[in-house]
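Below you'll find the structure, written out as structure tokens, and then a few comments.
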Amino acid sequence: MSIRQFIGQFINNHTETAESHYDERLRTRYYKTSKDKAMHAVESVLSSSGWKIKEAETGRGEVIAEPQKGGQSLLVATIVTVKPYRTAIDISCSSGTSLPSDFGKSKKIVVAIYEKLDKELPYLGTGMADEFV
């Protein structure tokens with residue numbers, strides 16, 4: 001982790017997962033499931049975690065949610081089938097705050113959602129794109 005990344009994690013109000021993120025907990029997660037089951041699991045986990053589903057686009061594989069109570073956050077989960085029964089899930093979370101930082105709130109939200117998804121779906125691993133090429 002570079003100094004810029006270290007400082008950036010504290011002065012930020014947005015967290016997004018990526019295939020090769022420097023933080024292992026924020027790498028793209030892969031599950032042994034179909035896209036439809038993954039979409040349903042994401043919607044279920046978000047609803048049970050206090051999020052209201054604004055829009056679920058099955059064709060594009062996106063679920064957009066906002067908190068039911070308090071806060072001006074927006075969460076977007078992207079679900080992509082990379083092979084039959086190999087589905088990747090990426091999450092992006094932004095906190096609407098007048099401050100330049102959300103003090104790690106968006107990161108905690110993403111990590112908590114991933115932990116719940118790991119219990120709902122058969123987890124394969126993180127950052128596995130090279131295996132599917």
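Listing for the model above:
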item	result
Residue-span extension gain [R60 to S47] - 0.36 nm each, minus C-alpha spacing	2.7 nm
222 nm mean residue ellipticity, helices alone, for the chain (DSSP H n ≥ 4; -39,500 (n - 2.57); rounded to 500)	-8500 deg cm²/dmol
Potential lengthening between Q68 and Y123 on full extension [0.36 nm per residue; Cα-Cα distance subtracted]	17.0 nm
Candidates per GluC sites (Glu not before Pro) in the range 17-96, loop by DSSP, up to 15 other Cβ within 10 Å	E19
Rounded to 5, percent antiparallel among DSSP beta bridges of the chain	95
Relative contact order [Cα under 8 Å, 6+ residues apart], the chain, whole percent	35
Karplus-derived 3J(HN,Hα), 6.51/-1.76/1.60, for each residue of the range 110-127, Hz, glycine and proline x	4, 4, 5, 5, 4, 4, 5, 5, 4, 7, 7, 10, x, 7, 9, x, 10, x
Dimensionless Rg over Rh [the chain; C-alpha; Kirkwood]	0.97
For a label point 7 Å along the Cα-to-beta-carbon line of V111, residues of the range 23-39 with backbone N under 14 Å	23-27
Anchor K83: lysines whose Cα lies under 27 Å away (excluding residues fewer than 8 positions away in-chain)	K32, K35, K37, K116, K119
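Just so you know, all these numbers are worked out from the coordinates, no wet-lab data involved. The model shown is predicted, which means the values in this text are computed figures rather than measured ones. Counting neighbours? That spans all protein chains shown, and the Cβs are built from the backbone with ideal geometry, glycine included.
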